[in-house]
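Trainee: The following block contains the structure, expressed as structure tokens.
The values are calculated or read from the model by the stated rules, or taken from the named source; none is laboratory data. The model shown is predicted, which means the values in this text are computed figures rather than measured ones. Virtual Cβ from ideal backbone geometry, glycine too; neighbours counted across all protein chains shown. We work out accessible area using only protein heavy atoms, side chains counted, and drop any ligands, DNA or RNA first. Shrake-Rupley method; radii C 1.70, N 1.55, O 1.52, S 1.80 Å.
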Amino acid sequence: MMSSPRQRAAPTAPPSELDPSRRNNLALITSLVHHHRVLSRAQLTKRTGLNRSTVGTLIGQLAALGLVYETAPTGEAQVGRPSPEVRPSPSIAALAVYPEIDAVTIGLVNLGGIVQKKIRFATERIPSAREAVNIAAAVIEGMRTELEHSYRITGIGVAVPGLVNPDDGTVRHAPHLGWRDEPVARMLTEATGYACQAANDASLAAEAELIFGAGAGRDNLVYLNGGASGIGGGIISNGRLLRGASGYAGELGHTFVRTSGEQCHCGATGCLETEVSQGRLFDLLGLSGGDTPQLEQALGASSSAAVAEEVSRQLGFLAIALRNAVNTFNPEVIILDGFLGVLYALAPATLDDLLLSQAMDGPATQAKVHPAALGSNLMMIGAAELGFARFLADPTGFGTTGLGSAAE
């Protein structure tokens, strides 16, 4: 008989009694089910290299803890005995927080990367680190009854548009927010009681697209995101995020694209994000602000020659930055998100042709440009991966209660 998503059987051996090998195998299966959202027992057996009986025992233990559940097989008829499908429990979830210059967004994301809820709290001015933490904590407190009755929270992940120390979640410098040396992860842990981690927003988004989106099945990709807080990037090389010596790699918004360009907040001149700007597009369209869908709608309805000229100009500078990325990293896929994805959608052939004509022949023909697949949920899914990280490393270590508490 298949288990229901929220059904909890009697627990098996306590986590403390598990040997390291079994603990690692349980973590492997949990991560596979989370990242693929559904896998049959047969697929898990193939992917793990374990025998069928061992996989069955491990799934049984995870199901007993309420972390996964099984359903009858779907799809085409199979030869022989059909293999049950294993799915992540929807009661396991992480919280996600994304501060920007005009809003703080808070999300609830189920295991499997499914966004259950997203609340965008608009701000009248750029929020300080303390204000952003207070906003997030207040929204989470408002969800507390729902969280305690329906979910087991593994933790909080914060996606920050800036340089973040991955070891302690301290924001070293978020120039658009005006934050410097802010212990955001610790502050949010103290404010909510949930364990919290923070990291660069674009790096988290690159990993999310690699796992769940346009980069799935690829090992090498370049991700660029454009928004109200500038342009960020992330590099996936051989299936892993390129972090650099201090975790700050991927700042593609500061790629040099124009000799006589404007001075950037970083101190240099001619950076990509000084030439390719969402704000310039909003100004030309007569908009005081908004999000990516609003910009996309306004650009699609515009017949202004000045707007068309600005779009062409920005695509030209974006092509220069992408040429540098292609020649340096040799990606299979270039993923454009935010307003950069909107620019590409307006004239995909223009950017493709510029890239092919400017980058080296070999790498240029391999790299395919795609808009981000996860849409407006991308940052929530990326940030939630941080909130899931400790749980996925040792799922049984969290037991059946108290997931993600600061005391762990």
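Trainee: What number goes with the only condition from (1) open to solvent by less than 40 Å² (accessible area, probe 1.4 Å); (2) part of a helix (DSSP H, G or I) that residue 306 does not pass?
Mentor: Failed condition: (1).
Trainee: Can you spot a residue in region 330-340 that is crowded, with 21+ Cβ neighbours inside 10 Å and either assigned to a helix (DSSP H, G or I) or free of Cβ contacts under 8 Å to residues at least 12 places away in the same chain (or both)?
Mentor: yes
Trainee: Within region 232-242, can you find the residues that are more than 20 Å from residue 276 (Cα to Cα) and either surrounded by 14 or more Cβ atoms within 10 Å (Cβ to Cβ) or in contact with a Leu (Cβ under 7 Å, 6 or more places away or on another chain) (or both)?
Mentor: 236, 237, 241, 242
Trainee: Could you count how many residues in region 226-251 are out of contact with any Pro (no Cβ under 9 Å at 6 or more places or on another chain) and under 20 Å from residue 280 (Cβ atoms)?
Mentor: 3
Trainee: Can you name every residue in region 156-173 that is in contact with a Lys or Arg (Cβ under 6 Å, 6 or more places away or on another chain) and on the phi > 0 side of the Ramachandran plot?
Mentor: Those that are in contact with a Lys or Arg (Cβ under 6 Å, 6 or more places away or on another chain) and on the phi > 0 side of the Ramachandran plot: none in region 156-173.
Trainee: Can you confirm whether residue 133 is under 30 Å from residue 264 (Cβ atoms), within 19 Å of the chain's Cα centre (by Cα) and modelled with pLDDT of 95 or more?
Mentor: Answer is no for this residue.
Trainee: For residues in region 135-149 being touching a residue at least 24 places away in the same chain (Cβ under 8 Å), assigned to a helix (DSSP H, G or I) and in contact with a strand residue (DSSP E or B) (Cβ under 9 Å, 6 or more places away or on another chain), which is surrounded by the most Cβ atoms within 10 Å (Cβ to Cβ)?
Mentor: Checking each candidate, the answer is 136.
Trainee: Which condition number in (1) farther than 17 Å from residue 199 by Cβ; (2) in contact with a Gly (Cβ under 9 Å, 6 or more places away or on another chain); (3) open to solvent by 20 Å² or more (accessible area, probe 1.4 Å); (4) touching a residue at least 40 places away in the same chain (Cβ under 8 Å) is the one that residue 163 fails?
Mentor: Every listed condition holds for residue 163 apart from (1).
Trainee: Moving on to the next point. Which residues, counting only those in region 195-209, are open to solvent by less than 30 Å² (accessible area, probe 1.4 Å) and either in contact with a Leu (Cβ under 6 Å, 6 or more places away or on another chain) or of a type outside the set (Asp, Glu) (or both)?
Mentor: Of everything in region 195-209, those that are open to solvent by less than 30 Å² (accessible area, probe 1.4 Å) and either in contact with a Leu (Cβ under 6 Å, 6 or more places away or on another chain) or of a type outside the set (Asp, Glu) (or both) turn out to be 195, 196, 198, 199, 200, 202, 203, 204, 205, 206, 208.
Trainee: Continuing with this model, one more query. Can you tell me which condition residue 317 does not meet? The list is (1) under 22 Å from the mean Cα position of the chain (by Cα); (2) at pLDDT 95 or above; (3) assigned to a helix (DSSP H, G or I), and all the others hold.
Mentor: That leaves (1) as the condition not met.
Trainee: Test of understanding: among 321, 325, which residue is touching a residue at least 60 places away in the same chain (Cβ under 8 Å), of a type outside the set (Ser, Thr, Tyr) and over 29 Å from residue 35 (Cα atoms)?
Mentor: 321
Trainee: Failed condition for residue 32, given (1) outside any helix (DSSP H, G or I); (2) open to solvent by 10 Å² or more (accessible area, probe 1.4 Å); (3) at pLDDT 95 or above, with all others met?
Mentor: Against the list (1) outside any helix (DSSP H, G or I); (2) open to solvent by 10 Å² or more (accessible area, probe 1.4 Å); (3) at pLDDT 95 or above, residue 32 comes up short only on (1).
Conditions tested, residue by residue: (1) farther than 16 Å from residue 376 by Cα; (2) open to solvent by 10 Å² or more (accessible area, probe 1.4 Å).
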{"residue": "84", "(1), (2)": "yes, yes"}
{"residue": "92", "(1), (2)": "yes, no"}
{"residue": "115", "(1), (2)": "no, yes"}
{"residue": "118", "(1), (2)": "no, yes"}
{"residue": "128", "(1), (2)": "yes, yes"}
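Trainee: Every residue in region 267-286 that is within 25 Å of the chain's Cα centre (by Cα) and in a loop (DSSP other than H, G, I, E, B), please.
Mentor: Within region 267-286, 276, 277 meet the criteria.
Trainee: So, in region 243-266, of the ones that are aliphatic (A, V, I, L, M), crowded, with 16+ Cβ neighbours inside 10 Å and out of contact with any helix residue (DSSP H, G or I) (no Cβ under 6 Å at 6 or more places or on another chain), which residue ends up farthest from residue 295 (Cα to Cα)?
Mentor: Going through the qualifying residues, I end up with 249.
Trainee: Another one. Can you pull out every residue in region 13-26 that is touching a helix residue (DSSP H, G or I) at 6+ places or on another chain (Cβ under 6 Å) and either closer than 15 Å to residue 69 by Cα or modelled with pLDDT of 90 or more (or both)?
Mentor: 25, 26
Trainee: May I pose another question? So in region 171-230, with the set limited to residues that are among the polar types (S, T, N, Q) and assigned to a helix (DSSP H, G or I), which one is farthest from residue 334 (Cα to Cα)?
Mentor: The qualifying residue farthest from residue 334 (Cα to Cα) is 192.
Trainee: Another one. Among (1) in contact with a strand residue (DSSP E or B) (Cβ under 7 Å, 6 or more places away or on another chain); (2) farther than 26 Å from residue 213 by Cα, there is one condition residue 336 misses while meeting the rest; what is its number?
Mentor: (2)
Trainee: Looking at 200, 220, 238, which one is closer than 27 Å to residue 32 by Cβ and without any contact (Cβ under 8 Å) to a residue 40 or more places away in the chain?
Mentor: 238
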